[in-house]
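Asker: Pasting a structure here, questions to come.
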Amino acid sequence: MDFPVVARLIDAINAHDLDALTATFADDFTSTWPAHPARAFSGPQQVRRNWEGVFRQFPDIHVSVTGTAGTADEFWGEFHYVRPGAADMRGVIVIKVRADEIVQSRFYMEEVEETAVAHPMPGVTAGN
């Protein structure tokens, strides 16, 4: 992984180290969820509060990155969140880096469905 700050973030999440996790984010950090705009927030202290809740709710959470791409200042990663006792989450997170800090993330994450649900695009079906 060519982005040491992202590697530190993943290590901190998997170690449940809130101080190390929070230290990876810039003071002007912003987080957006383009498909879920109401989930947007900013600041490393809100990151910390959010992960405190995640660690409390999912004490055995583990995060891995299953694929990556990047540019000079953006890391594109396919993430897999294993949350024992709840559905896994999978998706892409686009992380913008400045110097050695995360300044922005765009989340395209969803819970993994255990059963078939209707396709969100009318008329589209999964063919066999």
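Asker: Could you please find all residues in the range 32-57 being in contact with a Lys or Arg (Cβ under 8 Å, 6 or more places away or on another chain) and surrounded by 15 or more Cβ atoms within 10 Å (Cβ to Cβ)?
Answerer: Within the range 32-57, 32, 33 meet the criteria.
Asker: All but one of (1) touching a residue at least 40 places away in the same chain (Cβ under 8 Å); (2) farther than 22 Å from residue 28 by Cα; (3) of a type outside the set (Gly, Ala, Ser); (4) loosely packed, with under 13 Cβ neighbours inside 10 Å hold for residue 66, so report the exception by its number.
Answerer: (1)
Results for (1) modelled with pLDDT of 95 or more; (2) polar (S, T, N, Q); (3) out of contact with any Leu (no Cβ under 6 Å at 6 or more places or on another chain); (4) within 30 Å of residue 115 (Cβ to Cβ), shown as yes or no for each residue.
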{"site": "16", "(1), (2), (3), (4)": "yes, no, yes, no"}
{"site": "21", "(1), (2), (3), (4)": "yes, no, yes, no"}
{"site": "31", "(1), (2), (3), (4)": "yes, yes, yes, yes"}
{"site": "46", "(1), (2), (3), (4)": "yes, yes, yes, no"}
{"site": "74", "(1), (2), (3), (4)": "yes, no, yes, no"}
{"site": "85", "(1), (2), (3), (4)": "no, no, yes, yes"}
{"site": "93", "(1), (2), (3), (4)": "yes, no, yes, yes"}
{"site": "98", "(1), (2), (3), (4)": "yes, no, yes, no"}
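Asker: What do you reckon, is residue 55 more than 22 Å from residue 98 (Cβ to Cβ) and more than 13 Å from the chain's Cα centre (by Cα)?
Answerer: Details: more than 22 Å from residue 98 (Cβ to Cβ): yes; more than 13 Å from the chain's Cα centre (by Cα): yes.
Yes; evaluated as a whole, the condition is true for this residue.
Asker: Something else about it: Of (1) under 12 Å from residue 103 (Cα atoms); (2) open to solvent by less than 80 Å² (accessible area, probe 1.4 Å), residue 17 satisfies all except one. Which?
Answerer: Checking residue 17 against (1) under 12 Å from residue 103 (Cα atoms); (2) open to solvent by less than 80 Å² (accessible area, probe 1.4 Å), the one that fails is (1).
Asker: Any chance you could count how many residues in the range 69-124 are open to solvent by 30 Å² or more (accessible area, probe 1.4 Å), basic (Lys, Arg) and out of contact with any His (no Cβ under 6 Å at 6 or more places or on another chain)?
Answerer: Matching residues across the range 69-124 total 3.
The values are calculated or read from the model by the stated rules, or taken from the named source; none is laboratory data. Predicted model only: the values in this text are computed from it and were never measured. Please note: Cβ atoms are built from the backbone with ideal geometry, for glycine as well, and neighbour counts cover all protein chains shown. Ligands, DNA and RNA are stripped out before the accessible areas are found, and what is left, the full protein with its side chains, is counted by its heavy atoms. Shrake-Rupley method; radii C 1.70, N 1.55, O 1.52, S 1.80 Å.
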